[in-house]
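Enquirer: The structure is given below, and queries will be raised subsequently.
The values are calculated or read from the model by the stated rules, or taken from the named source; none is laboratory data. Being a predicted model, the structure only gives us computed values, none of them experimental. Positions of Cβ are backbone-derived with ideal geometry, glycine not excepted, and every protein chain shown enters the neighbour counts. To get the accessible areas, we keep the full protein, side chains included, count just its heavy atoms, and leave off ligands, DNA and RNA. Shrake-Rupley method; radii C 1.70, N 1.55, O 1.52, S 1.80 Å.
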Amino acid sequence: MRVLVTFALAEEFSPWRKRGGFEALRLDGAEAYGKRRGDIELVALVTGAGAGNAGREAARALGDERYDLVISSGVAGGLRPEHRPGTVLVARRVRRLGDGRELLPAAEWTERAVEQGAREAVFMTAAHVAGTAGEKRQLGETADAIEMESFAVLEAAAARGVPAAAIRAVSDPVEAELPLDFNRVFDAEGRVRGVALAGALARRPAALAGLVRLALETRRAAAILADFLERYTRVAAQVAAAKT
């Protein structure tokens, strides 16, 4: 069984990578890592933030190789009070902000995630980072979490007939105001521009404490997610073995 797991940023994947076994892959210029465990081959793909980058890189990877499951993963902003930092959510629906289009992940793999402790949720894929508590509360009327890539990744998987799941850990709760406007720090490839981040901090030095807090929560959420993905992909391997 081959599984493609996408992350927007290397920092989201880093805790799982550090658990060992992943080796860098040559994947058409993309940042990718592979790991084999028994009957399952895992490929982790770092796409860059944003739907355009995620959709393009996922489609390219799926066009080059055969996969049995795609997982859109990483961290997300919580949109409801019950989803605290570190909560692992699995999407039963992924809605795109703007036109309201929805995609349904593969029910079997959603259920497997719930069995492993994830909460079922509705994901909202947006073209921007939701930075204010007011915006998040408003979006929370129709969704549980906000992120920027899952719709595009699931769309790429659906175009190739590959079942997909969306699994994310909450990094910032609904009441949290982000310390900076993160929409201004990404480059065209969806990577954080260090110069832009430093410039934003220079203009708002009081934001440093909040940025450190957010970084710690994001790191913790990514570590919890890594533990979950280890369990989840182990189950995937068992399911695949049982079907052969």
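Enquirer: Does residue 217 meet the test of being farther than 22 Å from residue 107 by Cα, outside any loop (DSSP other than H, G, I, E, B), of a type in the set (Asp, Glu) and at pLDDT 80 or above?
Expert: Yes, satisfied.
Enquirer: Further question: If residue 80 satisfies every condition in (1) modelled with pLDDT of 95 or more; (2) open to solvent by less than 10 Å² (accessible area, probe 1.4 Å); (3) not in a helix (DSSP H, G or I) but one, which is the exception?
Expert: Checking residue 80 against (1) modelled with pLDDT of 95 or more; (2) open to solvent by less than 10 Å² (accessible area, probe 1.4 Å); (3) not in a helix (DSSP H, G or I), the one that fails is (2).
Enquirer: In a helix (DSSP H, G or I) and within 13 Å of the chain's Cα centre (by Cα), is that true of residue 44? Don't jump to the end; show me each part of the working.
Expert: On the way: in a helix (DSSP H, G or I): no; within 13 Å of the chain's Cα centre (by Cα): yes.
No: the conditions fail for residue 44.
Enquirer: While we're on this one: Just checking, how many residues over the stretch 11-28 are within 20 Å of residue 64 (Cβ to Cβ) and not acidic (Asp, Glu)? Reasoning before the result, please.
Expert: Step one: list which residues in the stretch 11-28 are within 20 Å of residue 64 (Cβ to Cβ), which gives 13, 22-28.
Next cut, not acidic (Asp, Glu) only: 13, 22, 24-27.
So the count comes out to 6.
Enquirer: While we're on this one: Can you tell me which residues in the stretch 229-242 are out of contact with any Ser or Thr (no Cβ under 9 Å at 6 or more places or on another chain) and open to solvent by less than 10 Å² (accessible area, probe 1.4 Å)? Give the steps one after another, and end with the answer.
Expert: Keep residues of the stretch 229-242 that are out of contact with any Ser or Thr (no Cβ under 9 Å at 6 or more places or on another chain), which gives 230-242.
Across the stretch 229-242, the qualifying residues are 232, 233, 236.
Enquirer: Identify, please: which residue in the stretch 2-20 is more than 16 Å from residue 30 (Cβ to Cβ) and part of a loop (DSSP other than H, G, I, E, B) and is, among those, modelled with the lowest pLDDT?
Expert: Once the filter is applied, the top-ranked residue is 20.
Enquirer: Name the single residue that is farthest from residue 231 (Cα to Cα) among those in the stretch 113-122 being open to solvent by less than 10 Å² (accessible area, probe 1.4 Å) and part of a strand (DSSP E or B).
Expert: 122
Enquirer: Something else: Looking at the stretch 39-55, which of its residues are surrounded by fewer than 18 Cβ atoms within 10 Å (Cβ to Cβ) and farther than 16 Å from residue 67 by Cα?
Expert: 52, the sole residue that qualifies.
Residue-wise test of (1) assigned to a loop (DSSP other than H, G, I, E, B); (2) open to solvent by 40 Å² or more (accessible area, probe 1.4 Å).
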site	(1), (2)
95	no, no
99	yes, yes
105	yes, no
111	no, yes
124	no, no
128	yes, yes
135	no, yes
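Enquirer: Exactly one condition in (1) touching a Gly at 6+ places or on another chain (Cβ under 9 Å); (2) open to solvent by less than 10 Å² (accessible area, probe 1.4 Å); (3) not acidic (Asp, Glu) is false for residue 90; which is it?
Expert: (1)
Enquirer: For residues in the stretch 56-77 being over 16 Å from the mean Cα position of the chain (by Cα) and either part of a loop (DSSP other than H, G, I, E, B) or β-branched (Val, Ile, Thr) (or both), which is surrounded by the fewest Cβ atoms within 10 Å (Cβ to Cβ)?
Expert: 66
Enquirer: If residue 177 satisfies every condition in (1) assigned to a helix (DSSP H, G or I); (2) modelled with pLDDT under 95; (3) not hydrophobic (A, V, I, L, M, F, W, C) but one, which is the exception?
Expert: (1)
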